[in-house]
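Before any comments, here is the structure.
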Amino acid sequence: MKKNIMKVAIGLIVLLSVSAIPVFAENKTWTGVVADNLCIQMDFAADGADMANNPEQHTTYCALMKPCIDSGYSVMVKNGSGGYDSYPLDTKGNKLALKYFENTNKKDNHILQVSGTILSNDTIKVKRIEEVM
């Protein structure tokens, strides 16, 4: 009897553990302004851009400042209330965003498409980042 109870308990633990792991993470694309987390958190960037209302004004120069690079990057997507929702990028996404900022000729208006999957902490596990023309 004890062996059967033990088998059922172990089976239940295994079943619950496996069901908590997502089998298929949904691939998605977010289109929005990519900016550094430091400036997003301050609402007004070091370059004067109003990050809450006009993040498109955020400059390449600002995004390449050492404290801004160190804070990582997010994609800011317009929401239904006229504001923006920010989704932080994972390590790969931060590297791709930095590479974009280092190579772009644009001064501002960094609207990009970020493709990947969303993690439980709203961070995007990035597959690729592309400029929107």
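FYI, it's all coordinate maths here, none of it is from the lab. What you see is a predicted model; the values in this text were computed from it and never measured. Counting neighbours? That spans all protein chains shown, and the Cβs are built from the backbone with ideal geometry, glycine included.
Give me the tail of P(r) for the range 25-131 as a percent: Cα-Cα pairs with distance above 19 Å.
In whole percent, the share of Cα-Cα pairs in the range 25-131 beyond 19 Å is 35.
With each label point set 7 Å from Cα along the Cα-Cβ vector, what nm distance links Lys127 and Lys66?
3.7 nm
State to the nearest 20 debye the size of the charge dipole of the range 25-131 about its Cα centre, where the only charges are +1 on K and R beta carbons and -1 on D and E beta carbons.
Taking the Cα centre of the range 25-131 as origin, the dipole is about 400 debye.
Can you give the FRET efficiency to the nearest 0.05 for Asn109 and Ser81, using r as the Cβ-Cβ distance and R₀ = 25 Å?
Rounded to the nearest 0.05, the efficiency is 0.70.
What FRET efficiency comes out for the pair Asn53/Lys28, r = Cβ-Cβ distance, R0 = 25 Å, nearest 0.05?
Calculated value: 0.50.
Treating cross-link reach as a plain straight distance, find the aspartates and glutamates whose alpha-carbon is under 16 Å from the alpha-carbon of Lys78, omitting any fewer than eight places away in the same chain.
Result set, ordered by chain and number: Asp43, Asp50, Glu56, Asp122.
Give the long-range amide H neighbours of Tyr84: residues separated by 5 or more places, or on another chain, with amide H under 5 Å away, using H modelled in the peptide plane at 1.01 Å from N.
Under 5 Å from the amide H of Tyr84: Asn79.
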